[in-house]
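Trainee: Quick one: the structure is below, and I'll ask about it shortly.
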Ligand SMILES: [Zn+2]
């Protein structure tokens with residue numbers, strides 16, 4: 001456990017100045033230090049070669065376990081949910097509109113004092129219709145306590161991605177964490193290139209938009225890894241290097257299913273400060289066996305291996321498996337069990353619920369302390385807030401690109417010269 005606890009005076013001050021206005025309005029009397037995503041990125045940068053876990057809170061057990069682990073490791077933390085998981089057509093009970101409330105309540109209940117950001121991940125934009133809907137929906141998400149967002153128009157061609165990101169930027173508070181995506185992860189097809197990443201970041205820069213993070217398609221996939229393609233460390237390092245002067249950090253998606261060794265290389269060799277972990281935490285909360293890096297282990301007949309005395313009861317697991325079978329769901333579709341079964345899982349006895357949480361806590365703590373090097377970043381986050389004296393840390397960067405080089409017609413013309421094939425569409429998750 002960490003040896004650098006925060007003084008109570010500093011903590012009180014951080015609560016007073018460090019919580020964004022939406023959080024103060026929602027939770028006026030709270031002792032939960034919910035902060036902008038920017039705080040988490042800066043804390044990881046301050047430590048150096050450190051990555052914050054962004055735990056996808058697909059159920060309440062994951063949220064509790066991740067918060068307990070962060071407290072034990074004295075680590076800053078991001079709790080997130082993606083549009084597919086917790087948007088308007090979600091498959092989880094935890095969503096964009098109740099997640100901050102859940103996190104705030106759990107922090108107060110369990111006396112969690114580490115800073116936590118509430119991130120809306122993969123806010124997917126695939127059409128003009130999505131852009132129009134986003135203008136209405138994004139404000140509702142911030143009203144509900146989101147403090148960070150990934151606008152993901154990476155499914156669109158490069159120019160449309162950039163233009164959609166510019167169009168939606170006024171709907172994101174300046175103080176909030178902001179992630180942009182150049183490529184959607186989907187294995188080794190349509191890998192992101194240095195050129196298209198630089199194009200996106202330069203174009204945003206010309207419009208005074210300075211993302212905290214950029215996500216790439218760097219070779220891994222969402223969900224369960226079916227083959228050992230994994231994250232391409234060198235490609236990631238090369239792209240981050242090319243973006244160095246724009247001071248944008250990396251966000252790594254699809255972390256589940258990459259070996260600890262590969263993840264340590266991402267820590268050591270790239271500028272990544274955020275790593276999304278979704279599938280592994282869901283599986284562990286359920287009591288499904290995973291290997292040391294969170295990839296589910298299937299038995300000889302291709303089924304998940306539910307470990308006795310871990311996660312939910314055997315009876316509940318049998319019910320869930322039967323439900324999945326009745327729907328004809330394959331292993332990758334099991335995530336759809338989250339929504340119909342959340343209340344059933346919450347109605348399990350306390351002893352069972354606690355072991356579901358404990359499994360997540362132990363896994364996340366190990367990742368934080370043995371892989372991602374985020375131990376004691378809570379203190380650095382606090383120092384960052386107190387030094388700024390504000391919830392708003394401001395951007396890391398100033399404008400260096402000329403707006404006249406990035407008019408809409410020039411954006412389209414520049415994009416046509418990238419000539420990059422993004423490959424087939426992937427699946428959005430974490
Ligand atoms: Zn993702």
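Trainee: I need to check one value: relative contact order of the chain, counting alpha carbon pairs closer than 8 Å and at least 6 residues apart, in percent.
Mentor: The normalised contact order for the chain reaches 25 percent.
Trainee: For the chain, what does -39500 (n - 2.57) per DSSP helix run (n ≥ 4), summed and divided by total residues, give at 222 nm, in deg cm²/dmol to the nearest 500?
Mentor: After summing the helix terms and dividing by residue count, I get -13500 deg cm²/dmol.
Trainee: A further question on this structure: What does the extension gain come out to for residue 383 and residue 331, with contour length at 0.36 nm per residue minus their alpha carbon separation?
Mentor: So the extension gain works out to 14.3 nm.
Trainee: Now for a separate question. Would you order 67, 110, 204, 168 from fewest to most other beta-carbon atoms within 10 Å of each residue's own beta-carbon?
Mentor: Fewest-to-most ranking of 67, 110, 204, 168: 110, 168, 204, 67.
Trainee: Placing one identical point scatterer on every Cα of the chain and ignoring solvent, what is log10 I(q)/I(0) from the Debye formula at q = 0.07, 0.08, 0.13 Å⁻¹?
Mentor: Taking Cα atoms of the chain as identical point scatterers yields -0.30, -0.40, -1.10.
Trainee: Here's a follow-up. For the stretch 381-422, list residues with backbone N below 20 Å from a point placed 7 Å from the Cα of residue 126 toward its Cβ?
Mentor: 421-422
Trainee: Got a sec? How would 371, 307 order by Cβ neighbour count within 10 Å, fewest to most?
Mentor: 307, 371
Trainee: Once the Cα gyration tensor of the stretch 1-62 is diagonalised, what are the square roots of 5 times its eigenvalues, in whole Å and ordered largest first, as equivalent ellipsoid semi-axes?
Mentor: 21, 18, 13
Trainee: Determine one quarter of the surface area of the Cα convex hull of the stretch 157-215, which equals its mean projected area, and express it in nm² to one decimal.
Mentor: 4.1 nm²
Trainee: For a distance above 17 Å, tell me the whole-number percent of Cα pairs in the stretch 253-385 that qualify.
Mentor: The proportion of pairs with Cα distances above 17 Å equals 63 percent.
Trainee: Another question, if that's okay. Based on the alpha-carbon gyration tensor of the stretch 286-350, what equivalent-ellipsoid semi-axes (square roots of 5 times the eigenvalues) come out, in whole Å, largest first?
Mentor: So the equivalent ellipsoid measures 18, 16, 11 Å along its semi-axes.
Trainee: Taking the Cβ of each residue in 300, 75 as the centre, tally the other Cβ atoms inside 10 Å and list the residues starting with the fewest.
Mentor: 300, 75
Trainee: Hey, rough spin-label estimate for residue 396 and residue 207, points 7 angstrom out along Cα→Cβ, what's it come to in nanometres?
Mentor: Label-label distance for residue 396 and residue 207, simple model: 2.1 nm.
Trainee: Would you please give the FRET efficiency between residue 110 and residue 133, computed as 1/(1 + (r/R0)^6) with r the Cβ-Cβ distance and R0 = 45 Å, to the nearest 0.05?
Mentor: So, using R0 = 45 Å, E works out to roughly 0.80.
Trainee: Tell me the label-point distance for the pair residue 13, residue 404, using the 7 Å Cα-to-Cβ offset, in nm and rounded to one decimal.
Mentor: Each label point lies 7 Å from its Cα, and together they span 4.7 nm.
Trainee: Over the Cα atoms of the stretch 29-90, compute the convex hull volume and normalise it per residue, giving Å³.
Mentor: It comes to 114 Å³ per residue, whole-number rounded.
Trainee: Ok, one more. Only Cα pairs under 8 Å and at least 6 apart count here; give the relative contact order of the stretch 1-145 as a rounded whole percent.
Mentor: The value is 28 percent.
Trainee: Give me the number: length gained by fully extending residue 307 to residue 319, i.e. 0.36 nm times residue separation minus the C-alpha to C-alpha distance, one decimal in nm.
Mentor: Gain on extension, residue 307 to residue 319, equals 2.8 nm.
Trainee: Which residue, 190, 37, 177, has the most motion in a Gaussian network model of the chain that connects Cα atoms within less than 10 Å?
Mentor: Comparing 190, 37, 177 in the GNM, the peak value goes to 190.
Trainee: Need one number: the % of Cα-Cα pairs in the stretch 52-138 sitting beyond the 18 Å mark.
Mentor: Cα-Cα pairs in the stretch 52-138 separated by more than 18 Å: 43 percent.
Trainee: State, as an integer percentage, the relative contact order of the stretch 202-268 based on alpha-carbon contacts under 8 Å between residues 6 or more apart.
Mentor: Across the stretch 202-268, relative contact order equals 40 percent.
Trainee: Hull surface divided by four, with the convex hull built on the Cα atoms of the stretch 1-150: how many nm²?
Mentor: 9.2 nm²
Trainee: Where the centroid of each part is defined by its Cα atoms, how far is the stretch 188-263 from the stretch 96-165 in Å?
Mentor: Distance between centres, Cα-based: 19 Å.
Trainee: Give me P(r) over the stretch 72-224, computed from all C-alpha to C-alpha distances, binned every 10 Å, as integer percentages.
Mentor: Result returned by the calculation: 11, 39, 35, 14, 2.
Trainee: Tell me the label-point distance for the pair residue 260, residue 198, using the 7 Å Cα-to-Cβ offset, in nm and rounded to one decimal.
Mentor: A separation of 3.8 nm, rounded to one decimal place.
Trainee: Multiplying the sequence separation of residue 370 and residue 346 by 0.36 nm and subtracting their Cα-Cα distance, what value in nm do you get?
Mentor: This chain segment gains 5.6 nm when fully extended.
Trainee: Taking springs between alpha-carbon atoms closer than 10 angstrom, which of 39, 136, 62 fluctuates most in the Gaussian network model of the chain?
Mentor: 136
A short reminder: the numbers here are calculations on the coordinates, not readings from a lab. Just so it is clear, the model here is predicted, and its values are computed rather than measured. Quick reminder, even Gly has a Cβ in these numbers, built from the backbone with ideal geometry, and neighbours come from all protein chains shown.
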